[in-house]
Amino acid sequence: MSWSFVNHITNELSRNFLSEQKAPTLWPSSATAVVDGKVLGKCRRQAFYRYAYDSYHFSEEYDNYKELAETISELKIPASEYTRWIWRAGELYEEYCIDLAKESGVFLGTQISVYIPKLNVSGKIDLIVLNPEDKTYHIVEVKSVYGFNANSVMGTDATHKKGILGEPRDSHLMQLGIYQWWYGNPKGWGPGILLYGARDTGRFAEYYVTVETAEDGLDYIYYQGNYPVITEKVNSGISMQNVMSNYKLILDALDSGEIPERDYDLLYSDEKIDAMYEAGQLTKTDTAQYEKRKKQIEEGKTKLVKKVEKGDWQCRLCDYKKVCYGEDS
């Protein structure tokens, strides 16, 4: 086989040469909230698996996780070549914004460490800039997106004309919300900035993100479209107390040895599919398939069309899927 340039550089993306060793922590990018019974953000079991694995390899205190750590080593799905390229493209978009901040004279810092000791949560702020108009500081979280799904967070030209920007992802709101709440709320700091950039079309969208105390005494994450469309401020319904309580759940699980329940499903139960049909939440194709099967059953037929199978993408794309559901998942 002849040498391949793209294969060579792809393999380079997977190297972990002379990586920094540090105590395991929980991550702002893996934040979770439960609002009105609905889980938002990352699966707590997924976060637990990573944290337990890292803790086992870092400290003898967690030797009781030997079997789980060995199972994770065997069954965790490695990042694909495609995924590693996506990660690097995201890093390049972030570097692009940092370079432009420097060129335009508003750059203050990058990769600023944030640490919440009580809950062992640590992360790094992408970028901090200075507003030249009022001299306030802004935390900037940069997220690159692409494809059709980018429209959900950035809107389209048609929705922009109607004054609609989009809706930021819950996980991104929580990540920036943590930084804003813990680091960026003193006097002299403005709203956090959540910047989405499409690396395929060059389009972008910017949201202001704040953490504000409501009448119930909780600190909620708010967001507001800022560019290219200014929208009304929206309370996400996610409080920082809610987010922190879910980090506490993972810490408690590590100490107790009780693995958290799954927050999402690889395959929905028949009952959930029935409920989705009744609520009109199935696609047109799935609805037709569901109704055809139901009619066949009512008519007593033995040869039936396949059941409608649906599940959460969080499980389908999870690196720990085989650890959680078994090798055949």
Looking at this structure, is M240 touching an Asp or Glu at 6+ places or on another chain (Cβ under 6 Å) and not polar (S, T, N, Q)? yes
Among the residues of the stretch 214-257, the number that are in contact (Cβ under 8 Å) with a residue 24 or more places away in the chain and under 22 Å from R50 (Cα atoms) is 12
With the structure loaded, tell me whether I230 is surrounded by 13 or more Cβ atoms within 10 Å (Cβ to Cβ) and out of contact with any Ser or Thr (no Cβ under 6 Å at 6 or more places or on another chain) or whether it fails that test. no
Just a yes or no: is a residue in the stretch 283-295 more than 28 Å from A31 (Cα to Cα) and either of a type in the set (A, V, I, L, M) or touching a residue at least 60 places away in the same chain (Cβ under 8 Å) (or both)? yes
Filter result (of a type outside the set (A, V, I, L, M) and either closer than 24 Å to R316 by Cβ or not in a helix (DSSP H, G or I) (or both)) within the stretch 55-84: S59, T71, S73, E74, K76, P78, S80, E81, Y82, T83, R84
Options L100, L92; residue that is over 20 Å from S171 (Cβ atoms), modelled with pLDDT under 95 and of a type outside the set (S, T, N, Q): L92
Quick one: how many residues across the stretch 204-222 are buried (at least 18 other Cβ atoms within 10 Å of the Cβ) and either closer than 14 Å to N242 by Cβ or in contact with a helix residue (DSSP H, G or I) (Cβ under 6 Å, 6 or more places away or on another chain) (or both)? 6
Taking the stretch 55-106 and keeping only residues that are surrounded by 16 or more Cβ atoms within 10 Å (Cβ to Cβ) and within 20 Å of the chain's Cα centre (by Cα), one is left with K76, R84, G90, Y93, E94
On the basis of being in the same structural domain as V142 (by TED's automatic domain parsing) and in contact with a Ser or Thr (Cβ under 8 Å, 6 or more places away or on another chain), does I77 make the cut? no
What are the pairs, 6+ residues apart or on separate chains, where a residue within the stretch 85-110 that is in a helix (DSSP H, G or I) has its Cβ under 7 Å from a residue that is among the basic types (K, R)? A89/R199; Y93/R199
Out of all the residues in the stretch 212-223, is one or more among the hydroxyl-bearing types (S, T, Y) and either farther than 22 Å from K118 by Cβ or in contact with a Lys or Arg (Cβ under 9 Å, 6 or more places away or on another chain) (or both)? yes
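Restricted to the stretch 273-329, and to residues that are of a type in the set (F, W, Y) and surrounded by 10 or more Cβ atoms within 10 Å (Cβ to Cβ), which residue is modelled with the highest pLDDT?
Filtering first and then ranking leaves Y320.
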T201, sole failed condition from (1) polar (S, T, N, Q); (2) within 14 Å of M240 (Cα to Cα); (3) at pLDDT below 95: (2)
Can you pull out every residue in the stretch 125-166 that is in a loop (DSSP other than H, G, I, E, B) and either closer than 23 Å to G109 by Cα or modelled with pLDDT of 95 or more (or both)? N131, P132, E133, D134, K135, T136
Does S239 satisfy the condition of being on the phi < 0 side of the Ramachandran plot, surrounded by fewer than 16 Cβ atoms within 10 Å (Cβ to Cβ) and among the small types (G, A, S)? no
Of all residues in the stretch 28-51, which are among the small types (G, A, S) and surrounded by fewer than 22 Cβ atoms within 10 Å (Cβ to Cβ)? S29, G37
Name the residues in the stretch 199-220 that are within 22 Å of K143 (Cα to Cα) and aliphatic (A, V, I, L, M), would you? A205, V209, V211
Among the residues that make up the stretch 147-160, is at least one of them touching a Ser or Thr at 6+ places or on another chain (Cβ under 8 Å) and aromatic (F, W, Y)? no
Cβ pairs under 7 Å, 6+ apart, first in the stretch 1-14 and touching a residue at least 12 places away in the same chain (Cβ under 8 Å), second of a type in the set (K, R): T10/R84; L13/R84; L13/R88; S14/R84
Any chance the stretch 264-272 includes a residue that's surrounded by 13 or more Cβ atoms within 10 Å (Cβ to Cβ) and part of a helix (DSSP H, G or I)? yes
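The values are calculated or read from the model by the stated rules, or taken from the named source; none is laboratory data. Just so it is clear, the structure is predicted and the values come from calculations on it, not from any experiment. Ideal geometry is used to build each Cβ from the backbone, glycine not excepted, and the neighbour counts take in all protein chains shown.
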